[in-house]
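First up is the structure itself, then whatever we jot down about it.
The values are calculated or read from the model by the stated rules, or taken from the named source; none is laboratory data. On a predicted model such as this, the values are computed, not experimentally measured, just so you know. Methodologically, a virtual Cβ is constructed for each residue, glycine included, from the backbone with ideal geometry; neighbour enumeration extends over all protein chains shown.
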Amino acid sequence: MNSAMNKPGKTDENSVISIRNLRKSFGDLHVLQGIDLDVKQGENIAVLGRSGTGKSVLIKIIVGLLKPDSGSVVVLGQDVEQLSAKEMDTFRQKVGFSFQSSALYDSMSIRENLEFPLVRNVRNLSRADVDKAVEKALDDVGLSQTINQMPSELSGGQRKRIGIARTLILNPEIMLYDEPTSGLDPITSIEINNLINEVRERINATSIIITHDLTCAKTTSDRVAMLLDGKFERVGTFDDVFADPDERVKQFYNYNFVN
Amino acid sequence: MFLALADVFAFISRFFRELFLPPYEFKEIIRQCYEVGFRSLLLISTTGFITGMVFTNQSRPSLAEFGATSWLPSLIAIAIVRALGPLVTALIAAGKVGSSIGAEIGSMNVTEQIDAMEVSGTNPFKFLVVSRVLATSITIPILTMYTIFVALIGGFLNVNMTEQTSFTSYIQEVFGAISYVDIFASSLKSIVFGFTIGMVGCYKGYNSSKGTEGVGKAANAAVVTSMFLVFIEELLSLQIVSSFR
Ligand SMILES: Nc1ncnc2c1ncn2[C@@H]1O[C@H](COP(=O)(O)OP(=O)(O)OP(=O)(O)O)[C@@H](O)[C@H]1O
Ligand SMILES: [Mg+2]
């Protein structure tokens with residue numbers, strides 16, 4: 001099934017993200033060894049994989065934070081590697097990136113954190129416009145009361161949500177979530193899962209959700225892709241992928257649902 | 001070793017390239033100048049004052065042997081303006097400012113804040129590195145002038161107590177001893193010190209290894225390396241200035 005979805009060598013015209021034979025190594029460490037992936041408009045896909053398999057590296061390549069060694073990455077019809085600095089800035093406004101470590105700016109208040117992408121990308125905004133956008137973004141994640149706090153005063157779950165709000169402020173077309181629920185308790189994790197689903201409905205975003213958390217994968221995604229040894233060995237619906245008798249897949253499942 | 005050197009060179013040349021390319025982060029530069037000045041002011045006031053006082057006190061016996069304690073003000077002036085002022089300021093700033101730049105940028109690197117800036121359409125090198133290096137290069141010379149002033153006051157209090165030298169004659173002797181070359185050379189030297197401290201802090205932070213221990217290492221390396229470089233530069237400036245004198 002997975003070869004039918006990802007024809008090697010040919011980019012699918014309906015996909016928003018189209019990756020072909022992507023490779024990336026750091027010295028002798030061969031992290032990505034031929035990734036193929038297509039994500040269609042409005043689709044949410046979860047990427048699963050063990051720690052250190054290169055999941056973060058993959059989405060950092062998608063937004064051009066890291067350069068691939070070879071292969072092609074076409075996002076929203078543009079080859080990410082060919083973009084000029086200016087085109088890259090415009091492109092990145094359409095892609096929201098929620099970082100694994102939330103990446104809130106420690107030296108800035110929550111308000112300033114949320115304003116940052118806005119005032120840096122959109123010219124000629126009035127103070128009132130900015131305030132309105134910030135208030136709306138905070139309201140959307142249910143954290144209006146934190147507006148004047150500093151990131152260090154927030155809990156891990158709040159920081160994650162602020163990080164998501166900060167990326168939503170530019171109304172992206174694509175959302176990339178790097179382990180949105182890692183380090184959070186089950187109840188907060190469910191809140192984040194719900195937030196991801198709300199975001200999806202609200203802006204009709206296409207998303208890649210990186211996670212170790214199978215509940216998160218199951219509730220937020222249409223398909224899951226399993227990263228094993230630098231490749232997507234399994235791509236399909238949650239139930240299809242985990243029906244697989246492969247030991248490496250089973251281990252992952254058993255750990256998450258140990259009774 | 002050579003790889004590291006090439007890396008440093010690339011970092012410095014990137015600084016000069018981005019320095020002249022718009023957009024300019026004026027607001028951030030001013031904020032950083034304020035931070036640098038504010039962070040080290042109290043420490044510099046006390047160390048500068050004590051340096052002036054102690055140096056005067058310790059120089060007195062040697063001069064007294066030749067019956068030349070009247071030379072004390074000019075000796076103080078030369079020592080403080082040419083060497084002690086810039087050096088004390090640079091060392092304090094390396095410890096205070098260099099370490100905090102290393103730690104701050106290091107932790108921004110570790111917690112992906114630098115990546116976050118980049119995807120938000122902001123050049124993090126310009127926003128973080130250029131603004132900080134400019135801030136240290138501008139503020140540390142100003143702090144140096146301040147240190148020199150405070151140290152001279154410290155020296156004056158000491159000679160005033162012991163030799164009863166009046167303030168006007170002290171000032172006259174101080175300005176009689178130093179020349180414009182001294183002031184110019186000291187300012188230039190402090191700019192180089194400031195540049196070094198900012199650059200080393202940013203470089204160590206920007207290239208810190210991932211993980212929390214990377215932050216501590218970056219802060220520590222920033223202090224050790226910039227102090228070492230400040231002394232090397234002091235030595236070089238001695239050679240250069242004496243060839244002009
Ligand atoms: N900039 C870099 N330079 C060198 N090595 C890197 C770099 N970024 C990632 N790596 C290495 O690539 C490998 C994959 O890293 P990555 O962060 O993508 O893992 P991950 O799948 O996201 O793991 P985790 O679940 O722990 O976040 C790791 O071994 C990491 O050390
Ligand atoms: Mg990761």
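Miscellaneous remarks
So that you can scan it fast, the table gives a plain yes or no per residue for (1) within 30 Å of A:VAL95 (Cα to Cα); (2) of a type outside the set (Asp, Glu); (3) over 21 Å from the mean Cα position of the chain (by Cα); (4) within 14 Å of another protein chain (Cβ to nearest Cβ):
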site: B:SER62; (1), (2), (3), (4): no, yes, yes, no
site: B:ALA79; (1), (2), (3), (4): no, yes, no, no
site: B:SER100; (1), (2), (3), (4): no, yes, no, yes
site: B:VAL129; (1), (2), (3), (4): yes, yes, no, no
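- Restricted to region A:165-259, the set of strands (runs of 3 or more DSSP E) holding at least 3 residues that are β-branched (Val, Ile, Thr) comprises A:206-211.
- Restricting A:ASP36, A:ASP89 to residues that are surrounded by 15 or more Cβ atoms within 10 Å (Cβ to Cβ) and in a helix (DSSP H, G or I) narrows the list to A:ASP89.
- One residue stands out in region A:143-156 among those that are assigned to a loop (DSSP other than H, G, I, E, B) and surrounded by fewer than 14 Cβ atoms within 10 Å (Cβ to Cβ): the one that is farthest from the other protein chains (Cβ to nearest Cβ), namely A:ASN148.
- Screening region A:176-191 for residues that are within 16 Å of ligand 2 (Cβ to nearest atom) and not hydroxyl-bearing (Ser, Thr, Tyr) and picking the one that is nearest to A:THR211 (Cα to Cα) gives A:GLU179.
- Selection within region B:108-133 - touching a Gly at 6+ places or on another chain (Cβ under 8 Å) and either surrounded by fewer than 24 Cβ atoms within 10 Å (Cβ to Cβ) or on the phi > 0 side of the Ramachandran plot (or both): B:ASN109, B:VAL110
- Taken over region A:24-65, the criterion of being more than 12 Å from ligand 2 (Cβ to nearest atom) and within 14 Å of another protein chain (Cβ to nearest Cβ) is satisfied by A:PHE26, A:GLY27, A:LEU29, A:ILE61, A:ILE62, A:VAL63, A:GLY64, A:LEU65.
- The number of residues in region B:119-136 being part of a helix (DSSP H, G or I) and in contact (Cβ under 8 Å) with a residue 60 or more places away in the chain comes to 12.
- Checking A:ILE210, A:ILE164 one by one, the residue that is among the β-branched types (Val, Ile, Thr) and within 27 Å of A:ARG23 (Cα to Cα) is A:ILE210 and no other.
- Region A:120-142, residues that are more than 8 Å from every other protein chain (Cβ to nearest Cβ) and crowded, with 17+ Cβ neighbours inside 10 Å: A:VAL130, A:ALA133, A:VAL134, A:ALA137, A:LEU138, A:ASP140, A:VAL141
- Top-ranked residue in region B:154-196 [being free of Cβ contacts under 8 Å to residues at least 12 places away in the same chain and aromatic (Phe, Trp, Tyr); ranked as surrounded by the fewest Cβ atoms within 10 Å (Cβ to Cβ)]: B:TYR180
- Check on A:THR188, away from every other protein chain (no Cβ under 14 Å) and within 16 Å of ligand 1 (Cβ to nearest atom): no
- Wholly enclosed helices (runs of 4 or more DSSP H) of region B:28-118 bearing at least 2 residues at pLDDT 95 or above: B:85-93, B:99-110
- If you go through region A:71-111 and keep only what is within 8 Å of another protein chain (Cβ to nearest Cβ) and within 16 Å of ligand 1 (Cβ to nearest atom), you end up with A:PHE97, A:PHE99, A:GLN100, A:SER101, A:SER102, A:ALA103.
- Of all residues in region A:5-25 being at pLDDT 60 or above and of a type in the set (D, E, K, R), the one that is farthest from the chain's Cα centre (by Cα): A:GLU13
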